[in-house]
Amino acid sequence: MGTRKILPAQAVERAKELGCRVRLARARRGMSIAEVAAKAGINRNTLNALELGKPGVALGAYVTVLWALGLDKTLDAVAHPDADLHGKTLEATRRPARVRKSQKSKDEYDF
């Protein structure tokens, strides 16, 4: 028997928000669940679970549904390295304060 993983409440809420956004995008385009599922190559139940924000839906399903809706380019900003201010700050604190010139080898056979 496997163990059940509990997601943080904030992650569950974000998944539900994303599902609602996908559902709204589909509705705005006048597409049925069956149409989007067929275009994305997934099961209708998977798309329904995605729109409900269920945490077990695979990332690939999200990407293909966004592609089917013409929204795949919106993923460009997700976890973009330039937007990671915290990560950039941590990286900057690990840089050496001084950079030394490299020592030339005294080996006469070094070409």
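The values are calculated or read from the model by the stated rules, or taken from the named source; none is laboratory data. On a predicted model such as this, the values are computed, not experimentally measured, just so you know. As a convention, Cβ positions derive from the backbone with ideal geometry for all residues, glycine included, and neighbour counts pool all protein chains shown. Surface areas here come from the heavy atoms of the whole protein model, side chains and all, with no ligands, DNA or RNA. Shrake-Rupley method; radii C 1.70, N 1.55, O 1.52, S 1.80 Å.
Placing unit charges on the Cβ atoms only, positive for Lys and Arg and negative for Asp and Glu, gives the stretch 1-97 a dipole magnitude near 240 debye about its Cα centre. Along its three principal directions, the equivalent ellipsoid of the chain from the Cα gyration tensor extends over semi-axes of 46, 19, 16 Å, largest first. Restricting attention to the stretch 14-111, which trypsin sites (Lys or Arg not before Pro) occupy a DSSP loop and are surrounded by at most 10 other Cβ atoms within 10 Å? Qualifying residues, ordered by number: 94, 98, 100, 101, 104, 106. Along the stretch 66-75 the Karplus relation, 6.51 cos²θ - 1.76 cosθ + 1.60 evaluated at θ = phi - 60°, assigns HN-Hα couplings of 4, 5, 4, 8, x, 10, 5, 5, 5, 6 Hz to successive residues, with x for each Gly and Pro. For the chain, the carbon plus sulfur part of the accessible surface works out to 56%, probe radius 1.4 Å. The largest accessible area among 47, 24, 71, 85 belongs to the first residue in 85, 24, 71, 47, and the rest follow in falling order (1.4 Å probe, all chains). Rolling a 1.4 Å probe over the protein heavy atoms gives the chain an accessible area of 85 Å² per residue.
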